[in-house]
Structure formats: structure tokens, C-alpha cells
Amino acid sequence: MNNAGIGKFCHFEEASFDTYQNMLTLNIHALTELCYLFLPTMKQTNSDDIINVASIGSFQPLPYQAVYGASKTFVLNFSEALTGELLGSQVKVMALCPGITESNFMSTANADTSTMKFSPASKVVEDGLTAFAKGKIYKVSGLANYLNSLVPRLFSRKQIVKIVANMFKDRILN
């Protein structure tokens, strides 16, 4: 399971470029490299599988988390693309898309968590493994998160940007 990831709650221009470079290195480059390095052997031996951890943020743009959101969109799309390439193979790939999960992620990301509801990490893992066993190519952990992932289908992209911006503008810690 490729589970490492970092994010940052702020106006885009307020974080250092090094912060974004490190975020992209971990969230995209490391995940891609691990898949690249291990996939040939996995295909040869018809063993092992890949679960890449994306985010509920994969489904819409994330103002105040622009680079993080874009990186997790990459993870979701990359995982689904690999699924297509591996059709007929014994190797399976799935993207797990959790919402806010108990971890140090939000404090490291500079987010105000005072009104956030966290999912236990064990529940997210259980949801992911259950979905993987059923052959799903992606899994949004939690019913409320799943319903939230569908909202972008109901509104224009411009409306979604405004909705999400209003949701997150007060989450930045100063």
C-alpha cells in the first residue's frame, strides 16, 4: 500500500516552492517510482497487488490545498490507468480515497481541525481491503465521504470551485 502523503492548507503563494516540490516528490514521484520498480516483478510472478492512497479530494479542485488536491487527482487517475493496463493480469490496482483520517496529516498541513470529524485509520484500512477483495478499482471510505465525492457531478466546475473555496477558506491556521 502506497500510503505516504503530505499536504498544506494555505493560499497557494504563501507556501515555499520547496514545500510544493517535497509534496509532489512524495505524493506523485515516489508513488510512481515504487509502481515502476515493482510492477514488472509483480507481473512476472503473478503475485502481489497495489493499493495507492489518493483522497476524497481527488474528485474536485481544492482551493487552499491546490497542489495537494492536484497530486491526489494524479494518484486516482494513475491507479485507474494502471488498472486498465493490467486487465488480464493477475496483478490488481486500486485507489483508496479516504476523507479526514486520524493521523498527524492535518496538523502537519496547518489545518484548523476544531470542527472536523476524523475517521479511525483502522476503519479506512478495513474499507479499503474489503473493497479490494471485491475487485473495486477505487474506494471512497465512509458513506458521507462517498456522497461528497458525487457532489461535483451535480454542479458546474465553476460552482464547485466556489463551494470548496468557501468550505476551506476558514481552515487555514495563521
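The values are calculated or read from the model by the stated rules, or taken from the named source; none is laboratory data. Only a predicted model underlies this, so the values are computations on that prediction, with no experimental measurement involved. Glycine also receives a Cβ, built like all others from the backbone with ideal geometry; neighbour counts cover every protein chain displayed. Accessible surface is based on the protein model in full, side chains and every heavy atom, while ligands, DNA and RNA are left aside. Shrake-Rupley method; radii C 1.70, N 1.55, O 1.52, S 1.80 Å.
Miscellaneous remarks
- Distance between region 43-84 and region 122-174 - C-alpha centres, whole angstrom: 13
- Counting Lys and Arg as +1 and Asp and Glu as -1 over every other residue whose Cβ lies under 14 Å from the Cβ of Leu39, the net charge comes to -2.
- Top positive-direction residue, dipole computed over the chain with Cβ charges, set Ala133, Asn3, Asn27: Ala133
- Projected-area mean, the chain, by convex hull of Cα positions, square nanometres: 10.3
- Here the Gaussian network model covers the chain, with springs between Cα atoms less than 10 Å apart; of Ala70, Ala133, Ala54, Ala133 fluctuates the most.
- Spatially proximal aspartates and glutamates relative to Lys72 (Cα-Cα < 17 Å; intrachain offsets below 8 disregarded): Glu33, Glu80
- Pairs beyond 31 Å (Cα-Cα), from Lys8/Lys123; Lys134/Lys169; Lys136/Lys169; Lys123/Lys169; Lys8/Lys43; Lys134/Lys158: Lys134/Lys169; Lys136/Lys169; Lys8/Lys43; Lys134/Lys158
- Ranked by solvent-accessible area (1.4 Å probe, protein heavy atoms only, all chains present), the residues Met1, Met94 order from largest to smallest as Met1, Met94.
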